[in-house]
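Peer 1: Starting off with a structure, shown below.
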Amino acid sequence: MSANPHFPHLASPMTLGNVTVRNRLVFQPHFTALPTANGMPSPELCAYHVERALGGAGLIVDGNMAVMQEGTESRHVLAAWDPRVVPLYAPMTEQIHRHGAKVFGQLTHAGHDSLERPPHLLWGPTQMAEPSSNFATKAMDERDIRRATDAFATAATNLMEAGFDGVEIKLGHDGLLRSFASPVFNRRTDAYGGSLENRMRLSVEVLRAVRDAVRPGAPVGVRLCLHEYTPGGYGLDHGLRMAEHLEATGLVDYFNCDAGSFSSFWAQIPPAAIPQGRFRELNQELKAVSDLPVIAFGRIKRPDLAEHMIAVGEADLIGMARQLIADPETPNKLLEGRAVEIRPCIACNDGCLYQVMQEKPVRCVHNPAAGQEAVFSERLLRPAERVKDVVVVGGGPAGMKVAEISAQRGHRVSLFEREDQLGGQARLAARQPWHDEFAEITAYLEAAIRRLGVEVWLNVLADATSLVEMGPHIIIIATGSQPNLPAGHAQEAADADAGTIARERGLGFVHDVAGLELDNVFSSDQVLRGAQLPAGRVLVIDANGHWEAAGTAEFLADAGHSVDIATRRHTVASDMEGANFELFAERCREKKIQLRPLTDVIAIERDRVALLDLLTAARHWEPYDAVVPVYPRRSRDDIYFELRDVLGSDDDTGVYVERVGDAAAPRLIQSNLVEAHRIAAML
Amino acid sequence: VIKIGVCVKGISLPPQARRLEPQTGRLDPAVRGELNEPDVYTVQAALDLKDSAEGGTVDLVTMGPGSAVDALRRGLAMGADHATLVADDALRGSDLLATSQVLAAVLRIRAPDLTLFGWEASDSNGGMLWASVAENLGLPVVSRVWQLELSGPAVRATRQMEYGFDVVEASMPCVVALAGTTSALRHPSLRDIIASKQKKIEVLALSALGIPTDAVGLSGSRTTVLAVSRPAARPSATVLQDDDQAADRLVTYLIERGLA
């Protein structure tokens, strides 16, 4: 067989135990919250993994399965101890095999980590709450230790019966086995604490039990946290000694690298502020001390980096979780020379991590199908029954998504954008510190619609009369939104007042805080477009809870302003995902951004702002040179109402008109893209 | 009344999506629906000249896959009057020489007073086609032109040279290759776009031009792509994690190698 011309190393097969995987790309184990609330494999879970097999992954590791009730990290983890999972899982493993991939199951006991509030009884080596949790553990006695070990064996037996090719033991960023290995969580003085050998004893016993339970030759691997990045926790040297200790038992077929803990969330699922490939050093060091195959981890998404890491021997396989959530077809695309078509993970953590941390099914900010493959997979799109002329007004994310999906279905699509570039608000969002990867969402969509032959016109301001004159079957209004400031505000210089028709008709609303019209008030859009603010103190109002206020505040701090952020909520950026918030708060300390929760802004004057302390109900004035209010935005929907007026309200005109994205209601990009996909799939 | 021909190219966007065909080593002619950006400015320059002449026509000429009609439509929406596309499977793989024969054949039929070229195609970046077309037509050629005006039966051109500007005149018919333009772009309105759909785009096969198929494509090309290869892989770089001493280590590294 000749080498793959595009990524020869990634394309080459690899053997783990008695299993040969077709290429070096591994769907990393992770919590999906897709199993049912009583731990059974759901159709959604099966479709999720089968989609990645179809997408070309070599190995799929179905992750975070619990070995016993007390070891469940969530109600929605897989109950691997329960034999009822076997018949429900068998069709999934069979389909994954049919599509050429291999599948391992990752077993864990969640120990002191749980997403449930309040949690079930938690187990740990020493009675202690994990620092991020409010709940202390039960200190395990020897009977509990035996029960846990037996539970791993039982679960491994179930996986083998369900058709899994191998088993991975999680000694990773969460769970019981790492808390035993960790000097900070394990204070025992018996045979399971103290020396490294003692702290590793439980893991070795589990490995032995699992090895006895699996088919002879079936691979057994370890997901190994190499560095806890936790105060008092262990570092890389200790992690490497753990690896050597495990390897010396001869019970392990491969290592899957990992780092972090619940107390260092940024390391376990690194957000965009952590550079790509940040943990390469860990993979390299492990590779240097181990003879076993090593799966690399840590925000590896660029195919050339992945290929390079294999080529130079930094790792043997490349683990990707979020990249394959964002685009299950990543392996096929890159091995077929279509790398440019890959939908890149932007490491926002909003769709995947933020969802599952609430025990909600995994999603992706810009792959509408993630976790709901059976509904939204692009493979399931039906060609249009009748080819129609679709006109999309607005080239932001929502408009481009409608164009992409409509064109895929065979419609003739043209798209009109008033600015000289596509991307809409996403272009501004990408200017916030650490948000440059956000632009990859719209870069992906632009590449897709260009490839699909969508007729794209820039610098065109559409009007209702001309649109109707064009005679399309479908008109999609995806004109986005603008900051909701009073008419006449300086914001209008770059972005004409929109939503005027809606306001005339009582369908729109403007915030009535006194002073919003003043020229020391700047919208977030103005700031990110580069408006010069008066030097000095700036107050950013966060009534959005996400990045719009938080990232704009950082942008201003980087530009040399002294920045405060006020919010009515109990915290600034109340809807920000945890790992991101941790790093954001750290940067606020460095940039001296003052966070002022439970603080309402009730009036603005030229050089001062009236604040209301929501705890004490006290009001007072404070000097500020500029104010950046980030309120929920208003739809730029005038053209929709104009079209309705031209066409009449009934749907008998033969032209179907729909508002999509922020033009319908200003929201986060994830909601807009799902909605755009759903609408386009029905056109 | 002046007849201006503009040779343009349909290209694919975004640039990173372009790739070389493994068999020929030449650009994959996938979707070519965008008008090459230098050509957008050249069409504008032609329209401005037409306005200054108080009348005339602007005639677009291209060669490419069927999708290139979308690129031509953009020029028509800007205000061009007529467009010709030569599309033929036999053209695939044509180099500069073969392409120039085809464009020259169309220009002989359309017979413009003045033929304009943009400075280069932003996908293949050759920047030489105008010379070959002018040679084929036996016409004078003025290159590297920034400013162009009509001067009776001639054109007066300001050429950008190494040490300044040359101002030259050429009698028409002639070929002019722009190096840039001072024309301000006028973006078509939705109404212009609608109107452009009524304008005629003539699609010609090779046979209509009387050019034999072996005179174009790979067989009619004088340049051959011998090999296409990726840059060789480089060994891993040393990555310094910022542990508060990274700067010191970096400085030491540079000093040790005599680089600082």
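The values are calculated or read from the model by the stated rules, or taken from the named source; none is laboratory data. It should be emphasised that the depicted structure is a prediction, and the values quoted were computed from it without experimental measurement. Quick reminder, even Gly has a Cβ in these numbers, built from the backbone with ideal geometry, and neighbours come from all protein chains shown.
Peer 1: May I ask you to say which residue of B:GLU135, B:GLU162, B:GLU169 is without any contact (Cβ under 8 Å) to a residue 12 or more places away in the chain and either surrounded by fewer than 18 Cβ atoms within 10 Å (Cβ to Cβ) or hydrophobic (A, V, I, L, M, F, W, C) (or both)?
Peer 2: B:GLU162
Peer 1: Can you name every residue in the stretch B:188-199 that is free of Cβ contacts under 8 Å to residues at least 12 places away in the same chain and either surrounded by fewer than 18 Cβ atoms within 10 Å (Cβ to Cβ) or more than 30 Å from A:ILE639 (Cα to Cα) (or both)?
Peer 2: Scanning the stretch B:188-199 gives B:SER189, B:ARG191, B:ILE194, B:GLN198.
Peer 1: Residues of the stretch A:225-269 being touching a residue at least 24 places away in the same chain (Cβ under 8 Å), part of a loop (DSSP other than H, G, I, E, B) and within 13 Å of chain B (Cβ to nearest Cβ), which ones?
Peer 2: Within the stretch A:225-269, A:HIS227, A:TYR229, A:ALA259 meet the criteria.
Table: residues versus (1) assigned to a loop (DSSP other than H, G, I, E, B); (2) small (Gly, Ala, Ser); (3) touching a helix residue (DSSP H, G or I) at 6+ places or on another chain (Cβ under 6 Å).
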{"residue": "A:THR20", "(1), (2), (3)": "no, no, no"}
{"residue": "A:HIS30", "(1), (2), (3)": "yes, no, no"}
{"residue": "A:LEU34", "(1), (2), (3)": "yes, no, yes"}
{"residue": "A:ALA47", "(1), (2), (3)": "no, yes, yes"}
{"residue": "A:ALA53", "(1), (2), (3)": "no, yes, yes"}
{"residue": "A:GLY56", "(1), (2), (3)": "yes, yes, yes"}
{"residue": "A:HIS76", "(1), (2), (3)": "yes, no, no"}
{"residue": "A:TRP81", "(1), (2), (3)": "yes, no, yes"}
{"residue": "A:TYR89", "(1), (2), (3)": "no, no, no"}
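One line per residue, one yes/no per condition, for (1) in contact with an Asp or Glu (Cβ under 6 Å, 6 or more places away or on another chain); (2) of a type in the set (Lys, Arg); (3) within 23 Å of A:GLN323 (Cβ to Cβ):
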{"residue": "A:ARG215", "(1), (2), (3)": "no, yes, no"}
{"residue": "A:GLY232", "(1), (2), (3)": "no, no, no"}
{"residue": "A:HIS238", "(1), (2), (3)": "no, no, no"}
{"residue": "A:ALA248", "(1), (2), (3)": "no, no, no"}
{"residue": "A:LEU251", "(1), (2), (3)": "no, no, no"}
{"residue": "A:TYR254", "(1), (2), (3)": "no, no, yes"}
{"residue": "A:TRP266", "(1), (2), (3)": "yes, no, yes"}
{"residue": "A:PHE279", "(1), (2), (3)": "no, no, yes"}
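Peer 1: Which condition number in (1) away from chain A (no Cβ under 14 Å); (2) in a loop (DSSP other than H, G, I, E, B); (3) of a type outside the set (Asp, Glu) is the one that B:VAL228 fails?
Peer 2: It fails just one condition, (1).
Peer 1: Among the residues of the stretch A:618-625, is any in a helix (DSSP H, G or I) and over 25 Å from A:GLN491 (Cβ atoms)?
Peer 2: No, the conditions are met nowhere in the stretch A:618-625.
Peer 1: Within the set of pairs 6 or more residues apart or between chains, which connect a residue that is on the phi > 0 side of the Ramachandran plot inside the stretch B:200-229 to a residue that is part of a loop (DSSP other than H, G, I, E, B) and surrounded by 13 or more Cβ atoms within 10 Å (Cβ to Cβ) with Cβ atoms less than 7 Å apart?
Peer 2: What qualifies is B:GLY217/B:ARG92; B:GLY217/B:GLY93; B:GLY217/B:SER94.
Peer 1: Step by step: first the residues of the stretch B:141-197, then only those that are acidic (Asp, Glu) and not in a strand (DSSP E or B), then the one that is nearest to the other protein chains (Cβ to nearest Cβ). Which residue is that?
Peer 2: Looking at residues that are acidic (Asp, Glu) and not in a strand (DSSP E or B), I get B:ASP192.
Peer 1: Here is a further query. Among the residues of the stretch B:240-252, are any within 14 Å of chain A (Cβ to nearest Cβ), surrounded by fewer than 10 Cβ atoms within 10 Å (Cβ to Cβ), among the hydrophobic types (A, V, I, L, M, F, W, C) and assigned to a loop (DSSP other than H, G, I, E, B)?
Peer 2: No - not one qualifying residue is present in the stretch B:240-252.
Peer 1: Conditions first: (1) more than 24 Å from A:GLN28 (Cα to Cα); (2) modelled with pLDDT of 95 or more; (3) not acidic (Asp, Glu). A:PRO183 passes all but one, so which condition is the exception?
Peer 2: All conditions pass for A:PRO183, except number (2).
Peer 1: Could you please let me know if A:ASP637 is over 24 Å from the mean Cα position of the chain (by Cα) and touching a residue at least 40 places away in the same chain (Cβ under 8 Å)?
Peer 2: Considered against the rule, which asks whether it is over 24 Å from the mean Cα position of the chain (by Cα) and touching a residue at least 40 places away in the same chain (Cβ under 8 Å), A:ASP637 comes out as yes.
Peer 1: Under 8 Å between Cβ atoms, which residue pairs at least 6 apart in sequence (or on different chains) link something in the stretch A:270-287 that is within 9 Å of another protein chain (Cβ to nearest Cβ) with a partner that is among the basic types (Lys, Arg) and in a loop (DSSP other than H, G, I, E, B)?
Peer 2: Partner pairs satisfying both residue conditions: A:GLY277/A:ARG299; A:ARG278/A:ARG299.
Peer 1: When you look at A:VAL393, is it modelled with pLDDT of 95 or more and within 12 Å of chain B (Cβ to nearest Cβ), yes or no?
Peer 2: yes
Peer 1: Which of the residues that make up the stretch A:288-332 are within 13 Å of chain B (Cβ to nearest Cβ), of a type in the set (Lys, Arg) and surrounded by 20 or more Cβ atoms within 10 Å (Cβ to Cβ)?
Peer 2: Matches in the stretch A:288-332: none.
Peer 1: Looking for whichever is more than 29 Å from the chain's Cα centre (by Cα), modelled with pLDDT of 95 or more and either β-branched (Val, Ile, Thr) or closer than 30 Å to A:LEU54 by Cα (or both) here; the options are A:THR108, A:THR149. Which one fits?
Peer 2: Exactly one residue qualifies, and that residue is A:THR149.
Peer 1: Out of curiosity, is B:VAL203 under 22 Å from B:ASP70 (Cα atoms) and away from chain A (no Cβ under 14 Å)?
Peer 2: The answer is yes for B:VAL203.
Peer 1: Sticking with this structure for a sec: Hey, does the stretch A:671-683 have a residue that's surrounded by 15 or more Cβ atoms within 10 Å (Cβ to Cβ), outside any helix (DSSP H, G or I) and among the charged types (D, E, K, R)?
Peer 2: Taking every residue of the stretch A:671-683 in turn, none turns out to be surrounded by 15 or more Cβ atoms within 10 Å (Cβ to Cβ), outside any helix (DSSP H, G or I) and among the charged types (D, E, K, R).
Peer 1: Now, a different point. Given the conditions (1) outside any helix (DSSP H, G or I); (2) in contact with a His (Cβ under 6 Å, 6 or more places away or on another chain); (3) of a type in the set (Ser, Thr, Tyr), report the number of the one that A:SER179 does not fulfil.
Peer 2: (1)
Peer 1: Also, quick follow-up: Please find, among A:GLY551, A:GLY453, the residue that is within 14 Å of another protein chain (Cβ to nearest Cβ) and either in a helix (DSSP H, G or I) or at pLDDT below 95 (or both).
Peer 2: A:GLY453
Peer 1: Scan the strands (runs of 3 or more DSSP E) fully inside the stretch B:1-106 and keep the ones with 1 or more residues being closer than 25 Å to B:VAL141 by Cβ, within 14 Å of chain A (Cβ to nearest Cβ) and in contact with a Lys or Arg (Cβ under 8 Å, 6 or more places away or on another chain).
Peer 2: Once the strands (runs of 3 or more DSSP E) in the stretch B:1-106 are filtered for at least 1 residues that are closer than 25 Å to B:VAL141 by Cβ, within 14 Å of chain A (Cβ to nearest Cβ) and in contact with a Lys or Arg (Cβ under 8 Å, 6 or more places away or on another chain), nothing remains.
Peer 1: Considering only residues of the stretch A:435-450 that are touching a helix residue (DSSP H, G or I) at 6+ places or on another chain (Cβ under 8 Å) and of a type in the set (A, V, I, L, M, F, W, C), which is nearest to the other protein chains (Cβ to nearest Cβ)?
Peer 2: This residue is A:ALA447.
Peer 1: Additional query: Tell me, which residue of the stretch A:459-506 that is closer than 27 Å to A:VAL540 by Cα and free of Cβ contacts under 8 Å to residues at least 24 places away in the same chain is surrounded by the fewest Cβ atoms within 10 Å (Cβ to Cβ)?
Peer 2: A:ALA493
Peer 1: Another question, then. Confirm whether A:ALA566 is surrounded by 23 or more Cβ atoms within 10 Å (Cβ to Cβ), out of contact with any Lys or Arg (no Cβ under 8 Å at 6 or more places or on another chain) and closer than 30 Å to A:ARG503 by Cβ.
Peer 2: It is false that A:ALA566 is surrounded by 23 or more Cβ atoms within 10 Å (Cβ to Cβ), out of contact with any Lys or Arg (no Cβ under 8 Å at 6 or more places or on another chain) and closer than 30 Å to A:ARG503 by Cβ.
Peer 1: Would you pick out the residues in the stretch A:600-617 that are touching a Gly at 6+ places or on another chain (Cβ under 7 Å) and assigned to a strand (DSSP E or B)?
Peer 2: Scanning the stretch A:600-617 gives A:ALA603, A:ILE604.
Peer 1: Also, I was wondering about something else. For the stretch A:408-425, which residues satisfy the criterion of being more than 12 Å from chain B (Cβ to nearest Cβ), outside any loop (DSSP other than H, G, I, E, B) and surrounded by fewer than 22 Cβ atoms within 10 Å (Cβ to Cβ)?
Peer 2: A:GLN408
Peer 1: Pick from the stretch B:107-127 the residues that are under 12 Å from the mean Cα position of the chain (by Cα) and outside any loop (DSSP other than H, G, I, E, B): which of them is nearest to B:ARG18 (Cα to Cα)?
Peer 2: B:PHE117
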